[in-house]
Structure formats: structure tokens, C-alpha cells
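None of the figures in this text is laboratory data; all of them are computed from the coordinates on show. Everything quoted here is computed from the prediction, not taken from an experiment. Here the Cβ positions follow ideal geometry from the backbone for every residue, glycine too, while neighbour counts run over all protein chains shown.
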Amino acid sequence: MALFVRNRRPVVLDGRLRHIAFIMDGNGRWAQKRGLPREQGHKIGAKAFQKIALHCESLGFEAMTVYAFSTENWKRPAREVDAIMDLLEEYIDSSEKEMEGHSVRFCFIGDRSPLRPSLQEKMTRVEEITADGRMTLNIAINYGARAELCRAAEQLRSTDTPITEQAMSEALYTAKSGDPDIIVRTGGDLRISNFLLWQAAYAELYFSKKLWPDFSPEDVDDVIREFYTRKRRYGGL
Ligand code: FPP
């Protein structure tokens with residue numbers, strides 16, 4: 001009988017891996033499997049996110065980007081949308097304490113104008129307070145990649161800027177953190193769901209069947225080990 005033991009050697013980042021992104025899928029199913037309301041899945045999902053953000057900062061990532069709420073997520077029942085917004089507010093409120101000993105620069109990406117004013121105020125405040133943080137933590141809220149691309153194109157058009165690849169990249173929300181080296185999706189689905197479409201051009205993709213609340217820092221270490229087995233050719237040989 002073969003025995004599979006997880007490789008516990010600590011992972012060390014080098015310059016090839018600077019930016020990791022997560023599609024945190026599976027919160028609802030995690031809760032439903034336990035006979036709990038979906039909101040409970042988001043609550044435990046938020047805790048998993050906190051642990052993973054601290055882990056990524058400790059490992060030395062330059063940037064981490066997470067998909068917390070898409071432009072399509074408004075279609076969910078108001079109760080679930082409200083619960084996610086409450087969790088985001090609670091998370092920002094506790095972030096100063098949570099992030100103690102870690103250096104994180106918060107950056108919220110997406111159209112924040114339809115969000116409740118109390119959340120918008122907290123987002124702006126935490127971005128200001130953490131502006132000198134080391135690892136950029138992009139949290140996508142009311143984010144959709146197609147909308148982001150339209151916004152960038154409109155910005156270039158209205159300023160009469162020639163539309164080049166570099167100008168587009170600089171007009172995106174992620175201008176400062178650049179493109180992710182790897183995008184991780186939990187929850188078993190094999191798609192990108194309108195996340196970082198431009199930035200994903202050469203990203204490695206990693207799909208896990210684990211539901212997001214079960215995803216752990218050790219799973220992130222497995223992602224990193226897998227990344228280092230991939231050969232990135234960028235279209236070359
Ligand atoms: C996808 O799972 C997850 C979301 C739409 C919300 C993600 C939100 C959190 C992890 C909590 C708040 C985040 C932060 C940054 C504090 P799903 O509901 O689509 O799951 P399902 O596919 O099983 O239904």
C-alpha cells in the first residue's frame with residue numbers, strides 16, 4: 001500500500017514567485033454540508049483568509065490578491081450579501097490587531113461606489129494607515145475584470161493616451177502590484193469567473209477541490225511547491 005506523506009520541508013520564496021492570487025470558492029457548500037446557513041461558511045472563510053494572508057506575508061510575498069465579492073455576487077439573497085459586507089467591516093475593524101507584527105498594505109480593488117458608506121470609510125481609512133506596509137494585499141470587492149478593463153480603456157481614451165499593453169496595465173487597479181504569478185481557485189470549479197483577466201495572461205493556474213474554509217497555510221505551501229515544478233515559457237521555448 002502506498003503511503004502519501006505531505007512534504008513538510010519549509011518553503012522559501014525566490015524572485016520567481018512574488019504575487020499569489022486566490023479565488024476563495026466553496027464557503028456556501030462548506031456550510032450546507034454541515035446543515036449551517038451559508039453565512040456561516042463565509043464567516044469561517046474569512047478566518048481562513050486571515051490565516052493565509054498572515055502566512056503569505058511571513059513567507060515574503062510582495063503581493064496577494066483575493067476575490068472577496070464579485071460584481072455578479074449582488075444577485076445573491078440580500079441576507080447573504082449583508083453578511084459578507086458585515087464580515088468585511090469586522091475584518092477591517094480587527095485588522096490592526098490581527099496584523100500585529102506583520103507589514104501589510106491594504107488595497108481595495110473594484111468599484112466601491114455602491115458599497116455602504118460605513119464600509120467605504122473603513123476601506124479608505126485602512127488604506128491610508130497601512131500605506132507603508134510591505135506586502136500589498138489587494139482585496140477585490142464589487143470587482144469584475146471586464147468592468148476593470150472598460151474602466152481602464154475609458155481612462156486612456158479620455159486622457160488621449162495611446163492604448164499600449166503597458167498603458168493598460170498601468171490603468172488597472174493592480175498597477176502597483178503587477179500580475180499574479182499564480183492564481184489559486186478552491187472549491188473544485190475549473191474557471192476564472194471574471195477575475196484578473198488581463199493580469200492572468202501568463203499566470204500559472206492551480207485548482208483545488210478543497211472548499212475555501214478548509215484551505216490552510218499548509219495548502220499554500222503545497223501550491224508554492226507545485227509552482228516551482230512548473231516551467232514558465234511565456235510563449236518561448
Ligand atoms: C465564494 O464562495 C465566496 C464568496 C462569494 C465570498 C468570499 C468571502 C469571504 C471569504 C469572507 C469575507 C472576506 C474577507 C476578505 C474578510 P461561495 O459562496 O460561492 O461558495 P459555493 O460555491 O460553495 O456556493
Task: Proportion of all alpha-carbon pairs of the chain beyond 33 Å (%) - done: 16
TODO: Mind jotting down the distance between the C-alpha centroids of segment 182-237 and segment 85-109, whole Å?
DONE: 24
Open item on the list: Under 8 Å for C-alpha pairs, at least 6 residues apart: give me the relative contact order for the chain, rounded to a whole percent.
Closed with: 27
TODO: Normalise the Cα radius of gyration of segment 8-72 by 2.2 N^0.38 Å (N = residues in it) and let me know the number.
DONE: 1.34
Task: Net dipole in debye of segment 89-237 [+1 Lys, Arg Cβ; -1 Asp, Glu Cβ; about Cα centre; nearest 20] - done: 580
Task: Solvent-free Debye scattering, log10 I(q)/I(0), computed from the Cα coordinates of segment 1-139 at q = 0.15, 0.17 Å⁻¹ - done: -0.82, -1.02
- [ ] Report, as a whole number in µm² per second, the diffusion coefficient that Stokes-Einstein gives for segment 34-105 at 25 °C and 0.890 mPa s using the Kirkwood radius over alpha carbon pairs.
- [x] 181
- [ ] Hand me the trypsin sites (Lys or Arg not before Pro) from segment 162-202 located in a DSSP loop with no more than 14 other Cβ atoms within 10 Å, in residue order please.
- [x] 176, 191
Open item on the list: Using +1 at the C-beta of Lys and Arg and -1 at the C-beta of Asp and Glu, which of 150, 180, 211 has the Cα lying farthest in the positive direction of the dipole of segment 135-226?
Closed with: 150
- [ ] Mind telling me which of 179, 160, 221 comes out most flexible in a GNM of the chain, alpha-carbon contacts under 10 Å?
- [x] 160
Open item on the list: Give me the dipole magnitude in Debye, nearest 20, for segment 138-208 about the Cα centre, with unit charges on the beta carbon: positive for Lys and Arg, negative for Asp and Glu.
Closed with: 220
Task: Within a Gaussian network of the chain (alpha carbon springs, distance under 10 Å), most fluctuating of 163, 139, 109 - done: 163
Open item on the list: So if I place +1 on the C-beta of Lys and Arg and -1 on the C-beta of Asp and Glu, and nothing else carries charge, what would the dipole magnitude of segment 90-140 be about its Cα centre? I want it in debye, nearest 20.
Closed with: 120
Task: Longest site-free stretch - the chain; sites: GluC sites (Glu not before Pro), DSSP loop, at most 15 other Cβ within 10 Å - done: 101-237
- [ ] Take every Cα pair under 8 Å in segment 117-237 that's 6+ residues apart, average their separations, divide by the length, and report that relative contact order as a whole percent.
- [x] 21
Task: Mean separation of Cα contacts under 8 Å (6+ apart) over length of segment 1-102, as relative contact order % - done: 32
TODO: Could you work out which residue, out of 144, 187, 35, moves most in a Gaussian network model of the chain, that is, has the largest mean-square fluctuation with Cα springs under 10 Å?
DONE: 35
- [ ] Taking 7 Å along the Cα-to-C-beta vector as the label spot, tell me the residue 72-residue 189 distance in nanometres, rounded to one decimal.
- [x] 0.6
- [ ] Give me the number: length gained by fully extending residue 237 to residue 200, i.e. 0.36 nm times residue separation minus the C-alpha to C-alpha distance, one decimal in nm.
- [x] 11.3 nm
Task: Computed over segment 61-154, the ratio Rg/Rh where both radii use C-alpha atoms and Rh is Kirkwood - done: 0.97
Open item on the list: Neighbour counts of other C-beta atoms within 10 Å: give me 231, 210 arranged from fewest to most.
Closed with: 231, 210
- [ ] Select from 69, 36, 53 the residue farthest towards the positive end of the dipole of segment 23-76; place +1 on Cβ of Lys and Arg, -1 on Cβ of Asp and Glu, and compute about the Cα centre.
- [x] 36
Open item on the list: Under the rule a/c < 1.5 gives rounded, and otherwise a/b versus b/c splits prolate from oblate, where does segment 152-218 land using the Cα gyration tensor?
Closed with: prolate
